[in-house]
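Right, one structure below, let's go through it.
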Amino acid sequence: MRNRYFVVMLFAFFVACRNDVSTSITPTPSDGSSLTPYTLNIPPRFPKPYLPDYNPLTVEGITLGRRLFYDSILSSNGRSCSYCHHQNLGFMVKNSDIGLAPGLYPNIPALINEAWNPYYGWDGVFPDADHVAIGDFGPMFFNSNIVNVIAKLKADPTYPAMFKKVFPGQDVFVDGVLQERVAFALAQFVRTIVSSNSKFDKYMMGFTQLTPEEADGYDLFMTEKGDCFHCHGSMLFTDNGFHNTGLDSVFDGFNRGRFNVTGEAKDMGLFRTPTLRNCALTAPYMHDGRYQTLDEVIEHYNSGVHKTATIDPIMTLPGKEMGLLLSNTQKQHLKAFLLTLTDTTILSNPQYSRP
Amino acid sequence: MKGIYYFLFVVSILASCRKDTTESPLPVVTSGNLNITMAYRFDSSMLQTDTIKYKNAAGYKMSITRLQYYLSNFKFLNSDGSTYSINQVCYLDAKDPNFSNIKFTDVPLGNYKGLSFTIGLDTSINKTYYLPATVENNNMEWPPAMGGGYHFMKLEGYFVDTSGTWGYNMHLGNNGTAVAVSLANKPFSITQTPSNIQLKMNISEWFKNPSVYDFNIDGVFSMGNMAAMLKLKNNGSDVFND
Ligand SMILES: [Cu+2]
């Protein structure tokens, strides 16, 4: 886990330097450049996404970001972003399936509906999407040699022109600048990955019905019986807040969660609520991937909650000190509802695939 | 439900445009702006969130970790007995500086002797998807399966009794539980320069006057428990009394 802090430190370092570079080299639509603005598709009842002025979405930026996302040219170990955020697997992958050492990396999050996140990383250590990828050049991820990366990019027949187009008038092939420009383009691409084509969405639009089992699960989810909606509510299926859901009774390392970012006692063991969209496809679960199946997750909420000083008040319902006390049938129905949140179209949507 | 989904979506868009009343510009200034700053206390102490240091009427030490709510239905009382009504729903969050102020523009100039408003939403607008789909409104949704509409208030934290520390969730919602607040004696003037007033909520009052709310008797989780919510509602009308 120490290595992760190295990444975070690297990140902090670049953030610290950000002011020197961003203002002068960030493209703005008003600088007369020929960039084509891109309008993000906002599904019904989704709130306004977080789209920063300093990195506006453009067709050219997204095209560059998409190419970089799938390109191992950025690394010295053959990895690309897609190595860990694999489209066919819901833009994530199980740590052990790609041989990542157990416990060294957090569970890899699925990159969907990222444009609506106010924070990034399980503990919200990254305040925006635009700088997340800077840390990926570090030894734990790409182990990049920036001099080599720059040489390879410069030698490529098309990259120099693409970068020039997206970041006009800037010399991006400079150590420190390159990482930030790459991260900006990647963030643009990642923000375009929108998942809103599940059975549940079709049900909400009146195009299909839920089965009686799914409908019962929806009721459990949306009432105080299961009480999932307080944190996984509305159309994003996350409140984007930080909560301690009682996974642990002692906290160390990454399990300290938000505390590692704020240092405040009230944040011990709190993690950002993940979306439940596509959760059927994105096992394992939780920040450390401790649960392999949705049944295990439901059983956690049903009977495995540890009560500690920072446990979310919502998790201590009256008469539920013993857990939710769901019957086996109810657990199955709750799971049936979670399965209606699956959107298989993003797994093969050509808009997001390897160019 | 889902059939009216798009309809409600459109309604909510229209609702968010409601403020565009067209008035022909007048050469004489007849209106001004009012800024209301929200403040919070627990009896005589200014609110400090996330620390178990307050004692409620039932005798429990307690903390506040979340306080989010709506104010709506503002009416300003003129000295002649008439009122000026404002059709605006205000979301407030005691922990978020972005939601600790209310701004009213184009209020007729004059001396007002007081104001009244609702904690929560009127029945006519307490409908699922009525409000624009902001992050805050979406997080205040009250599931259709529990009656629909929105939470009027989420007040959460911890309290300590002889057996340990427990969470409490005072969630108010459902038609019939909105709280009417009348501050007939809170004079303020609207002038050409923006005016400021402060509304201070005494959180302690949710748990007393007229009846003591005891977490262990009345429940730590009010959502879906009409008796608990009505008790809070009845206690709530004086939370903004100075
Ligand atoms: Cu609630």
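The values are calculated or read from the model by the stated rules, or taken from the named source; none is laboratory data. Worth saying up front: this structure is predicted, and the values here are computed from it rather than measured. Every residue, glycine as well, gets a Cβ built from its backbone with ideal geometry; the counts of neighbours run over all protein chains shown. Just so you know, the surface numbers come from the protein's heavy atoms only, side chains and all, with ligands and any DNA or RNA stripped out. Shrake-Rupley method; radii C 1.70, N 1.55, O 1.52, S 1.80 Å.
At 1.4 Å probe radius, can you tell me the per residue accessible area of chain A in Å²?
So chain A comes to 41 Å² accessible per residue, rounded to a whole number.
When ranked by the protection proxy of mean other Cβ atoms within 10 Å per residue, highest first, what sequence do the peptides A:62-74, B:152-164, A:181-193 form?
A:181-193, A:62-74, B:152-164
Is it possible to state the helix-based mean residue ellipticity at 222 nm for chain A, with each DSSP H run of 4+ residues giving -39500 (n - 2.57), the sum divided by total residues, to the nearest 500 deg cm²/dmol? What is it?
-10000 deg cm²/dmol
B:Lys55: which lysines have alpha carbons under 26 Å from its alpha carbon, excluding same-chain residues fewer than 8 sequence positions away?
Straight-distance partners of B:Lys55: A:Lys266, A:Lys307, A:Lys320, B:Lys95, B:Lys154, B:Lys200, B:Lys208, B:Lys231, B:Lys233.
Using a basic spin-label model with each label point 7 Å from the Cα along Cα→Cβ, how many nm lie between A:Ser76 and A:Glu264?
4.0
Set the Förster distance to 25 Å, then compute FRET efficiency between A:Leu104 and A:Val250 from the Cβ-Cβ distance, nearest 0.05.
Given R0 = 25 Å and the Cβ-Cβ separation, E is 0.80.
Size of the dipole of chain A about the Cα centre, Lys and Arg at +1 and Asp and Glu at -1 on the beta carbon, nothing else charged, in debye to 20?
With only Lys, Arg, Asp and Glu charged at Cβ, the dipole is about 620 debye.
With all protein chains present, how much of the accessible area of the protein assembly as shown (probe radius 1.4 Å) comes from carbon and sulfur, to the nearest whole percent?
Summing carbon and sulfur atoms, their accessible area is 56 percent of the total for the protein assembly as shown.
For the protein assembly as shown, compute the orientation-averaged projected area of the C-alpha convex hull (one quarter of its surface), in nm².
Average of the hull's projected areas for the protein assembly as shown equals 29.6 nm².
Placing +1 at every Lys and Arg Cβ and -1 at every Asp and Glu Cβ, with all other atoms neutral, what dipole size does region B:30-236 have around its Cα centre, in debye to the nearest 20?
In debye, rounded to 20, region B:30-236 gives about 320.
Using the charge dipole of chain A (Lys, Arg: +1 at Cβ; Asp, Glu: -1 at Cβ; taken about the Cα centre), state which of A:Leu220, A:Ala161, A:Met235 has its Cα farthest towards the positive end.
Of A:Leu220, A:Ala161, A:Met235, it is A:Ala161.
Kirkwood Rh, Cα Rg: Rg to Rh for region A:194-303?
1.00
So for region B:30-236, taking the charge dipole from beta-carbon charges (+1 Lys/Arg, -1 Asp/Glu), which of B:Ala145, B:Phe159, B:Val89 sits furthest toward the positive end?
Result: B:Phe159.
Charges at C-beta only: +1 for Lys and Arg, -1 for Asp and Glu. How large is the resulting dipole of the protein assembly as shown about its Cα centre, in Debye rounded to 20?
Here the size comes out at about 280 debye.
Please give the Cα centre distance for region A:227-265 versus region B:74-151, rounded to the nearest Å.
Between the Cα centre of region A:227-265 and that of region B:74-151, the gap is 30 Å.
Of the residues A:Asn197, A:Asn113, A:Asn240, which exhibits the maximal mean-square fluctuation in a Gaussian network model of chain A defined by a 10 Å Cα contact cut-off?
Greatest mean-square fluctuation among the candidates belongs to A:Asn197.
Where does the charge balance sit around A:Arg258 when Lys and Arg score +1, Asp and Glu -1, over other residues with C-beta under 10 Å from its C-beta?
Here the charged neighbours net out to 0.
Per q in 0.16 Å⁻¹, report the Debye log10 I(q)/I(0) for region B:30-236, using one uniform scatterer on each alpha carbon and no solvent.
-1.10
What are the residues of region A:212-248 that lose 50 Å² or more of accessible area, with a 1.4 Å probe, going from their chain alone to all protein chains?
Residues meeting the cut-off: A:Glu224, A:His230, A:Ser234.
Could you tell me which residue out of B:His171, B:Phe74, B:Val220 lies farthest along the dipole of region B:30-236 toward its positive end? Charges go on the beta carbon: Lys and Arg +1, Asp and Glu -1, centred on the Cα centre.
Comparing the listed Cα positions along the dipole, B:Phe74 ranks first.
Considering amide H positions built from the backbone, and no H for Pro or chain starts, which residues 5 or more places from A:Asp128, or on another chain, come under 5 Å of its amide H?
A:Tyr120
What aspartates and glutamates sit close enough to A:Lys152 to cross-link, taking a C-alpha to C-alpha distance under 14 Å and skipping anything fewer than 8 places away on the same chain?
Counting by Cα, and skipping residues close in sequence, A:Lys152 has these aspartates and glutamates nearby: A:Asp71, A:Asp175.
How big is the A/B interface in buried accessible area, both sides summed, 1.4 Å probe, to the nearest 100 Å²?
Buried area (both sides, nearest 100 Å²): 2900 Å².
Once you average over the residues of B:195-206, how many Cβ atoms of partner chains fall within 10 Å of each Cβ?
Mean number of neighbouring Cβ atoms from other chains: 0.
Quick one: net charge around B:Tyr150, please, counting Lys, Arg +1 and Asp, Glu -1 for every other residue with C-beta under 12 Å from its C-beta.
Net charge around B:Tyr150: -1.
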